[in-house]
Every structure is written in C-alpha cells, then in structure tokens.
Amino acid sequence: MFGFLKKAIDGFAKKAEAEVSKEETKENKVVEKLEAVRKELKQAEKIIEHTDISEKAEQKSGFLGKLFSKPDVSAEIRSAPLKEVKKIEEKVGFLEQVTKAITETKISDVHFERIFSALEEELCANNVSLEVIRRIKEKLRKDLVDISFKRGHVADIIKDDLRDEIYSILTSPAKININNLISESKQKGKTFTIMFVGANGHGKTTTIAKFAHLLKQNGTSCVFAASDTFRAASIEQLEVHGNKLGIRVIKQQYGADPAAVAFDAIRHASANRVDCVLIDTAGRQHTNANLMDELKKIKRVAKPDLTIFIGESIAGNDVVEQISDYNKAIGIDAIILTKADVDDKGGAVISAVHSVNKPILFLGVGQEYKDLMEFNAGDFVKKILG
C-alpha cells in the first residue's frame with residue numbers, strides 16, 4: 001500500500017544528494033588547500049614564536065582546530081608587531097574557510113529548480129495535486145536555497161520537510177470522533193444521522209455495511225435507509241448486508257423519492273430508540289446537476305449530522321475533483337477512501353484532504369466487514385517516509 005510514493009521519494013532524495021555532490025568542492029582540491037595551509041602554518045611557526053596569538057586562533061573548533069592549535073606565549077612575545085599578528089589571523093581565517101568548505105554547502109535557486117523538477121514529476125505521477133506540490137516546493141526552497149548545511153544532509157532535509165508538510169496537511173482538518181458524537185447525541189435523546197455520498201461504482205454500499213459493522217462492535221444500534229432507489233438491485237444489496245449484520249433496512253419501491261425514504265428511516269429510528277441512521281444514496285457523477293440537486297433535497301429533508309463522501313483511493317486526481325465538487329454542491333464533513341490496499345501511489349490521500357480541508361476517517365483495505373481501517377496521519381506518513 002502506497003509503495004510507489006515511498007519509492008519515488010526515496011529515489012528522489014538520493015538523486016538530489018548525488019546532484020548536490022556534483023556541485024561540491026572536489027575532495028582532491030580540498031586536500032590541496034589543506035596541505036597549502038599546513039605549509040603556511042609551518043612557515044608561520046617562526047612568526048608565532050615572536051607574535052601574540054589572537055583570541056580567534058586560540059578558539060579554533062573541531063578536529064582541525066585541535067590539530068593546529070598552539071600553546072599560549074609569554075608576555076614578552078605579545079609585544080610583536082601588529083603586522084605579523086594580522087598575517088597569522090589571515091592564515092587562521094583561511095583555515096576556517098577551508099574547514100567550512102569541507103563540511104558545509106549551499107544550493108542556489110537555479111540549482112534548486114533543476115533538482116526539484118525531478119521530485120515534481122514523481123509527485124505528479126503519484127497523484128499528488130499541483131497545489132500540494134507548490135506547498136512542498138516553497139517549504140523545500142525555504143530550507144535549502146542559500147542556506148548553509150552539512151554536506152551529505154540534503155536527503156535528510158528533503159525527507160524531514162516532506163514529512164512535516166504532509167503531516168501538517170493531513171492533520172489540518174478538525175478530527176471527528178464518530179463514537180463520541182453518537183454518544184453525545186444519544187445522551188440528548190436524539191438519533192444520530194449520517195448521509196453517505198459519492199460516485200457510482202466506488203464501493204459505497206459495501207463501505208456503509210463495514211461502517212455499520214464497526215458501530216455495532218462499539219455497541220451502537222443502527223438502521224439502514226435505502227435511499228438509492230435508482231440503481232437496479234441496490235436495495236437487495238443493502239438487504240443482504242442488513243441480514244448478515246442484523247440491521248433493519250427501511251425501504252420503498254424503486255423510483256420512490258429518496259428523501260422520503262431517509263425521512264421514514266429517521267422517524268423509525270426515533271420511535272424505536274435506534275442510535276444511528278445510515279443513509280445510502282445513489283452514486284452519481286458530480287457533473288450531473290439534476291442528480292446533485294436530488295442529493296441537496298435528501299440533505300435538506302434528512303438534516304444529517306454528518307455527510308461523508310466515499311470514493312476510491314486508486315482514482316487519483318479524479319477522486320480529488322469529485323470530493324471538491326461534492327463539497328461545493330452539498331457540503332461534506334469527512335472522507336472515506338476505498339481500495340487503499342491496492343493503491344500503490346497514495347497521493348490521492350494527501351490531495352483529497354488538502355482540496356477541501358476535511359479529514360479522512362477510514363481507509364477500505366479489503367473485502368470483509370472488518371477491513372475498514374481508521375485513518376492515522378502519523379502511520380500514513382511513516383509508511384511513505386519512514
């Protein structure tokens with residue numbers, strides 16, 4: 001699951017590290033510089049014997065600093081000419097510059113644009129939206145361009161920035177705890193209503209059954225509203241799940257008003273003290289204005305406490321567009337993505353949340369009722385970035 005995105009990021013980080021290494025000072029040139037400094041320092045020893053050592057020379061740090069450090073000199077020597085002291089300071093400064101050249105590097109803006117284009121291609125190929133890519137790019141630019149950092153750390157910086165940005169996107173929406181919301185509603189003597197929407201063929205009815213199974217495990221009683229009165233065999237499919245789970249299905253004839261079915265289910269649940277109503281609606285393309293108007297009517301009549309969009313993770317940018325359009329048309333509160341177990345890319349997860357700033361509640365990871373996994377942003381980031 002999400003293996004391609006992980007490989008893409010790992011591969012880019014290594015390529016970027018190698019690319020930056022090409023721009024760095026060649027090792028043999030650095031060695032030549034060091035040898036030159038050593039020779040100059042040896043020649044300067046005679047001067048040091050008669051020259052005050054500046055505080056800067058005494059405070060040389062790190063391995064090279066210890067290697068070339070000199071003992072303090074007597075008070076008589078401190079009267080040496082200022083010109084000779086300056087020569088020593090220049091040599092020490094040169095040594096510090098060479099040491100810095102060995103351990104640190106910078107990336108220019110032009111160089112950054114060149115190496116980022118490779119990451120941009122990889123992210124696009126793994127269903128990460130352009131808006132998310134732009135956000136990641138600015139974060140990386142801020143932390144890489146014209147900033148001194150240790151050589152060999154480019155890959156770490158890239159991965160850390162990606163980890164921070166992706167986690168920030170996924171945790172930006174307010175978290176929704178279904179069990180707590182249902183419990184609060186129950187304490188008020190109200191039935192909690194959830195309306196499920198999404199495109200046709202994305203496993204919406206099966207996912208609703210998985211969701212109901214999860215609620216039952218937590219002690220929540222449910223009823224199904226068969227408000228998909230359009231698709232052939234949709235009511236029978238919901239009834240099969242209802243029989244297996246021990247959940248009643250409130251239904252009417254095919255072609256009946258879906259809003260009326262939802263209303264009947266809510267009335268039944270209230271009269272029989274059922275905790276939660278789960279409304280199944282007909283799948284429809286977000287571009288069909290008439291069918292979207294029908295959803296608006298169902299929502300207006302049922303007044304659901306939550307509206308949850310169900311779509312396929314493997315649909316990539318198509319599902320992101322659907323989520324955005326559904327949110328504009330009727331308003332959604334949360335997302336469930338199905339077929340995540342066969343999604344090797346994973347970018348749709350990030351892009352979906354970013355597009356509407358709504359949380360992903362669950363991922364469908366199999367065919368059985370138990371195969372509905374609660375989404376955890378930390379686990380997702382760890383899976384693709386380690």
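Read the figures in this text as sums done on the coordinates, not as results from a lab. All values reported here derive from a predicted model rather than from experimental measurement. Virtual Cβ from ideal backbone geometry, glycine too; neighbours counted across all protein chains shown.
Our estimate of slack between LEU181 and GLU374, defined as 0.36 nm per intervening residue step minus the Cα-Cα distance, is 67.9 nm. In plain terms, the chain from GLU131 to TYR254 could stretch by 40.1 nm, reckoned as 0.36 nm per residue minus the Cα-Cα distance.
Working from label points 7 Å from Cα in the Cα-to-Cβ sense, the GLU138 to ASP293 distance is 3.9 nm. For segment 178-376, the dipole from Cβ point charges (+1 on Lys and Arg, -1 on Asp and Glu) about the Cα centre works out to 720 debye, to the nearest 20.
A full extension of the chain between GLU321 and ALA232 corresponds to an added length of 29.4 nm, given 0.36 nm per residue minus the alpha carbon distance.
Under the simplified labelling scheme, the ASP10-LYS150 pair shows an inter-label distance of 2.3 nm, with each label point 7 Å from Cα along Cα→Cβ. Each peptide in 298-306, 191-199 gets a packing score, the mean of other Cβ atoms within 10 Å over its residues, and the list from highest to lowest is 191-199, 298-306. Simple spin-label estimate for SER117 and ASN200 gives 4.4 nm between the two label positions (7 Å along the Cα-to-Cβ direction from each Cα).
Normalised by the empirical 2.2 N^0.38 Å for globular proteins, what value does the Cα Rg of segment 178-376 take?
Here the Cα radius of gyration is 0.94 times the empirical estimate.
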